[in-house]
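Presented below is the structure to which this report refers.
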Amino acid sequence: MREEFERVSPESVGVSSRAILEYLDALEAGGTQMHGLMILRHGKLLAEGWWAPYGPRLRHGLQSHSKTYAATAVGILYTEGKVRLDERIIDIFPECAPENPSENLKLLTVRDVLCMGCGMETEPRPATEHWIRDFLHTPVVHKPGTAYMYNSTGSSLLCAIVKRKTGEGVEEYLTKRLYEPCGMDSQVHRWYPMPDGVEGGGFGMMSTLEDNLRLLKLYADGGVCNGRRILAEDYVRLATSNQNDSATEAIGNPEATDNHVGYGFQIWMCKPKGVYRADGAMGQFTIVCPDQDMIIAITETAEGAHWAQSTLDITWAFLAKVTGDQVLPEGPETAYLARRMRTLCTPQLPCRPRHGVPASALTAFYRVTEGYFTPYFYNPMLNKPEGLAGFTFAEDDYGLIWKVRYESGRTEEIRLTTYGSWHTQVLGRPEDYVRLCAAGAWWQDATTLAVELKWVETCFTKRIWFAFKPEGLEVTEEKMRSVVSKIPDQVIRVEREV
């Protein structure tokens, strides 16, 4: 049983509902697809909402927001006196170190890993179960702590440190020390494993929006939660202040200006003075604003190379409107905001159920002859899901049923509604990392079927076009326009079985 946040009107904590309505308008017009938003001030929840089909207890992919959870585990380890920040990495993993380590590698410490100061110029990829050995055999070109380079494998090393020091995985270690005392819903959490089974601290974790907010509230409150000290005061101070200048981020990602102002312990500094954030690709933000005593948690899908910088800029404009603590008078906009937050929705699909495809072509079985084709969410950092061997369609009053056969022989039916909305369904096998899919379809023209698969535990939506032509079926899969995947659209070759 966790202590719930007190729900209050914005005006009761000095924020106008009009300002939040304008914030919502700007976010929805900002070129991203919003999933969830929570705003906490003075420890009270003044606004919360999820854009359907997303919801409060739905686990959501964090991408690099995972790093802040991993760093928190190390912070707790430090608080318990089980690791020192100046402890050398080769002393923690001596069996993985080179026989003759370089002078720079000898200097590499836990603190350096926490602040992206590993001193490497290339990031080792965890290709095998010996990924820690591979990490420690990567050249440390710069003196650790003196140069910034984003290193997700280093972030996963933080989880390995917890495992080495305690014998427990990070999930197990955090349950009693973080999740339960801070009221987090650990049953919903999921960590993607590294090749040796250690949790991947650099990417791949899933949690809820509220748990992200509770995590950063722990930092905002100086490491104390419900009267219990979870993180040492000095660790919090270091973690939330600039420990490594990140100006070199401007070289490869110039539009992400909030990435250029400094880095703490797996926490980013922000352009407004004193503001800091946990940050995952495509707009997974939890932002602490000390001057306003406010925390803002966001999940969204931001497509494009700017990595949701527009969302941060919109947030800074909103914060500029929060200038006092005095209670404000409530008005019609207070009630309107409350209604709006309960009725948020991602854009509806087109409602185009009519088509001119002959039944013989629609219901034929099409065998995949070229190209990797799957309806599943696929992130190149995670395991590759099953590919399709072939498929067919059936039609009824609710739309279409996409009947697929995988290369393993497994079959599955995916409901594709054609009435302008989604059908949410659980697909795949119990062991699959992501299973919840909201799917829909529409006829783009008389013979072209557009399918949208929104994998709602992630930031990813897959779009596929089936063009039924006299010479055969042409299948095109759209790849997301983001720095996560720069793969071009691919045309899948299929043959109709007679």
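For the chain, what is the accessible area per residue in Å², given a 1.4 Å probe and the full set of protein chains?
41
In debye, nearest 20, what is the charge dipole magnitude of the chain about its Cα centre with +1 on Lys and Arg Cβ and -1 on Asp and Glu Cβ, if you could check?
The calculated dipole for the chain is roughly 360 debye.
Once you charge only the Cβ atoms, +1 for Lys and Arg and -1 for Asp and Glu, what is the size of the charge dipole of the range 319-409 about its Cα centre, to the nearest 20 debye?
The calculated dipole for the range 319-409 is roughly 120 debye.
What is the chain's relative contact order, in percent, from Cα pairs under 8 angstrom and six or more apart in sequence?
Computed over the chain, the figure is 16 percent.
Inverting the mean 1/r over all pairs of different Cα atoms, compute the Kirkwood radius of the range 389-470 and quote it in Å.
13.4
At 37 °C and a viscosity of 0.692 mPa s, what translational diffusion coefficient does Stokes-Einstein give for the chain, taking Rh as the Kirkwood radius over Cα pairs? Give it in µm²/s as a whole number.
135
On full extension of the chain, what length is gained from residue 338 through residue 383, given 0.36 nm per residue of separation minus the C-alpha to C-alpha distance?
12.1 nm
Cα axis of helix 309-319 to longest principal axis of the chain: angle in degrees, 0 to 90, nearest 10?
Tilt of helix 309-319: around 60 degrees.
Across the range 85-219, how many lysine pairs separated by 8 or more positions, or lying on different chains, have Cα atoms within less than 22 Å?
Going through the range 85-219 pair by pair, I get 6.
Would you mind getting me the FRET efficiency between residue 188 and residue 226? Use the beta-carbon distance for r and R0 = 25 Å, nearest 0.05.
FRET efficiency, residue 188 to residue 226: 0.80.
What is the angle, in °, between the Cα long axis of helix 152-166 and the longest principal axis of the Cα atoms in the chain? Nearest 10 is fine, range 0 to 90.
Between the helix axis and the principal axis of the chain, the angle is about 60 degrees.
Based only on Cα atoms, what Rg/Rh ratio does the range 85-208 have, Rh being taken as Kirkwood's radius?
Rounded to two decimals, Rg/Rh equals 0.99.
Projected area of the range 237-288, taken from the Cα convex hull and averaged over every viewing direction, in nm²?
In nm², the orientation-averaged hull projection of the range 237-288 is 3.4.
Given the Cα-Cα distance of residue 133 and residue 3 and 0.36 nm per residue of separation, how much length would full extension add, in nm?
Gain on stretching residue 133 to residue 3: 42.5 nm.
Need one number: nm distance between label points at residue 348 and residue 82, each 7 Å from Cα along Cα→Cβ, rounded to one decimal.
Between residue 348 and residue 82, the label points sit 5.3 nm apart.
Given Cα pairs under 8 Å that are at least 6 residues apart, what percent is the relative contact order of the range 1-87?
Contact order relative to length: 23 percent.
Across the range 389-498, how many lysine pairs, 8 or more apart or on two chains, come within less than 21 Å at their alpha-carbon atoms?
Taking the Cα cut-off of 21 Å, the pair count is 8.
Please give the contour-minus-distance gain from residue 429 to residue 271: 0.36 nm per residue of separation, less the Cα-Cα distance, rounded to one decimal in nm.
Roughly 52.5 nm would be gained on extension.
Answer with one residue from 98, 65, 78: the one whose Cα lies farthest towards the positive end of the charge dipole of the range 56-100, charges on Cβ with Lys, Arg +1 and Asp, Glu -1.
Farthest towards the positive end: 65.
Taking 8 Å as the Cα distance limit and 6 or more residues as the minimum spacing, I'd like the relative contact order of the range 78-122 as a percentage.
Reported relative contact order: 40 percent.
Suppose we flag GluC sites (Glu not before Pro) only when DSSP calls them loop and at most 10 other Cβ atoms lie within 10 Å. Which is the longest uninterrupted stretch of the chain?
The longest such stretch corresponds to 100-430.
Label residue 359 and residue 143 with points 7 Å out from Cα along Cα→Cβ: what is the distance between them in nm?
About 7.9 nm separates the two model spin labels.
Nearest 10 degrees, 0 to 90: what angle lies between the long axis of helix 332-342 and the longest principal axis of the chain (Cα atoms)?
70
Expressed as a whole percentage, what fraction of the accessible surface of the chain belongs to carbon and sulfur atoms when a 1.4 Å probe is rolled over the protein heavy atoms?
50
The values are calculated or read from the model by the stated rules, or taken from the named source; none is laboratory data. Everything numeric in this text was worked out from a predicted model, so none of it was measured. Positions of Cβ are generated from backbone atoms using ideal geometry, with glycine treated the same way; all protein chains shown enter the neighbour counts. SASA here: full protein model, heavy atoms, side chains in, ligands and nucleic acids out. Shrake-Rupley method; radii C 1.70, N 1.55, O 1.52, S 1.80 Å.
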